[in-house]
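Participant: Supplied in structure tokens, the structure appears directly below.
Every read-out reported here was derived from the displayed coordinates using simple, explicitly stated rules and does not represent laboratory data. This structure is a prediction, so every number in the text was calculated from the model and none was measured. Note that each Cβ is placed from the backbone with ideal geometry, even for glycine, and that neighbours are counted across all protein chains shown.
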Amino acid sequence: MHHAVSSQDGNLFIESTPLSAIASQFGTPCYVYSKAALSNNFLAYQSALADKEHLICYAVKANSNIAVLQTLAELGAGFDIVSIGELERVLRAGGDPAKVVFSGVAKTASEMQRALELGIHCFNVESEAELELLNRTAASCGAIAAVSLRVNPDVDAQTHPYISTGLKENKFGVDINLAAQVYQHAAQMAHIKVIGVDCHIGSQLVDIAPFVAALERLLALVDELAGLGITLQHIDIGGGLGVRYENEEPPSPQSYMSAILPLLADRNEILVLEPGRSITANAGVMLTQVQYLKSNGEKNFAIVDAAMNDMIRPALYQAWMDIQPISAGNSGSAVAESAVYDVVGPVCETGDFLAKNRSLAICAGDYLCLMSAGAYGFVMSSNYNSRPRAPEVMVDGDQVHLVRRRETIEDLLSGESLLPAAVR
Ligand code: LLP
């Protein structure tokens with residue numbers, strides 16, 4: 001996968017722009033994305049699928065900034081959405097609703113209506129109850145809803161339990177053993193058109209075997225359905241391809257597809273994918289500044305201006321993310337010696353850390369770059385501790401574009417109101 005950051009004599013660059021210039025122009029914390037890395041990561045999937053009819057639906061949840069979506073839409077991407085908010089972003093970014101698949105276990109009738117009105121490609125239906133609501137909703141709109149059933153193939157993705165989704169015990173999808181029955185029910189519904197099948201077994205997979213096992217189970221189901229007179233037009237194998245944060249060796253889209261495509265040779269179904277992380281993670285970073293250094297005898301702390309509200313992955317998944325100074329020299333007058341630090345933020349929680357036990361030669365005032373932060377970074381940020389959310393910047397060569405401004409305190413308060421004065 002293409003990495004956004006390069007180093008020249010210890011100074012970090014994103015494309016041809018020094019990160020130090022971005023930190024001083026926009027302040028910290030700040031998210032920075034590379035347009036070239038984003039594009040190249042998408043194109044890696046496209047070229048791996050050159051010989052197979054396909055639809056690559058970027059999983060919007062991974063990074064939903066409209067400039068990110070615009071970049072991918074211009075390359076022909078479709079989108080995997082999980083809410084109407086995400087669908088409105090896709091529209092705003094110039095994405096084509098006819099290339100949208102709608103995932104999620106809890107779609108509401110009003111979300112279904114809006115998606116039907118815009119003519120999305122497919123609803124990835126996750127339960128029989130959802131199928132019934134969709135049929136009724138489509139009837140009331142005078143529409144036909146194209147449907148794929150998300151099946152749970154009961155495959156262990158061997159990833160963190162919070163991001164593992166294809167096991168029987170998970171809330172997602174319909175048990176693959178019950179799927180044929182649900183398909184037969186769907187085939188009888190007047191406002192449902194069955195067009196596909198999908199699964200998504202988890203995220204940050206670094207091994208191809210679980211993907212292959214899941215697809216084999218899907219294909220057995222597709223053949224069983226054909227025998228029942230139900231022909232599918234597409235097979236959607238979800239997202240989930242992992243990236244390198246530390247020393248993982250995830251397969252490239254190319255080698256992932258060369259394991260998948262032989263199983264689909266001589267078959268007519270269109271292959272649909274829903275990659276998120278593998279497109280955006282290594283196309284982005286988060287910049288932060290060291291506020292204070294502090295030692296309690298046993299431990300050294302680098303207290304930075306970014307917190308778990310800005311980047312929650314380390315706190316929530318014990319995720320390891322690389323963190324590096326952005327410049328070879330220190331900003332302080334003294335030259336720092338290397339020490340082992342926990343890099344922690346301003347939020348009042350022990351779980352508020354970005355990294356633990358890292359050797360860093362830093363002074364207060366230095367800027368640090370949290371690597372691989374382009375996926376599940378800004379999108380998971382919150383206003384906890386009344387902290388305004390960080391800006392997002394897109395670098396395109398030597399051009400730098402602010403694609404979301406930093407929130408203000410006024411933004412934070414804008415939706416709230418005081419109680420009326422008491423009547424006495
Ligand atoms: N399709 C569906 C139905 C999904 O639920 C997901 C991610 C994707 C596609 C995209 O998966 P990807 O290619 O990004 O692995 N916040 C967590 C990851 C949560 C993933 C949720 N579903 C993290 O930061 O590790």
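Participant: Given only helices, namely DSSP H runs of n ≥ 4 each adding -39500 (n - 2.57), what is the per-residue ellipticity at 222 nm of the chain, to the nearest 500 deg cm²/dmol?
Facilitator: Counting only the DSSP helices, I get -8000 deg cm²/dmol.
Participant: If you average the alpha carbon positions of segment 95-172 and of segment 237-289, how far apart do those two centres end up, in angstrom?
Facilitator: Each part reduced to its Cα centre gives a spacing of 21 Å.
Participant: Would you list, by chain and number, the lysines whose Cα falls below 20 Å from the Cα of K299, excluding same-chain residues fewer than 8 positions away?
Facilitator: By straight Cα distance, K299 reaches K356.
Participant: How large is the translational diffusion coefficient of the chain in µm² per second when you combine the Kirkwood radius over alpha carbon pairs with Stokes-Einstein at 10 °C and 1.306 mPa s?
Facilitator: For these conditions, the coefficient is 69 µm²/s.
Participant: Still on this structure, I have one more. Determine the dipole magnitude for segment 177-308: charges of +1 sit on the beta-carbon of Lys and Arg, -1 on that of Asp and Glu, nothing else is charged, the reference point is the Cα centre, and the result goes in debye to the nearest 20.
Facilitator: Computed about the Cα centre, the dipole is about 320 debye.
Participant: Can you flag which of K99/K193; K35/K99; K61/K193; K52/K193; K52/K99 are past 19 Å Cα-Cα?
Facilitator: K35/K99; K61/K193; K52/K193, as the Cα separations exceed 19 Å there.
Participant: Could you work out the local net charge near G119, counting Lys and Arg as +1, Asp and Glu as -1, over the other residues with Cβ closer than 14 Å to its Cβ?
Facilitator: After counting each charged neighbour, the total is +1.
Participant: Based only on the alpha carbon positions, what is the Kirkwood hydrodynamic radius of segment 34-279, in angstrom?
Facilitator: Result for segment 34-279, one decimal place: 18.0 Å.
Participant: Here's something else I'd like to know. Ranked from highest to lowest mean number of other Cβ atoms within 10 Å per residue, what is the order of the peptides 291-298, 79-86, 412-419?
Facilitator: Ranking, from highest mean packing down: 79-86, 291-298, 412-419.
Participant: Show the residues, 5+ positions off or on another chain, whose built amide H is closer than 5 Å to the amide H of A336.
Facilitator: N330
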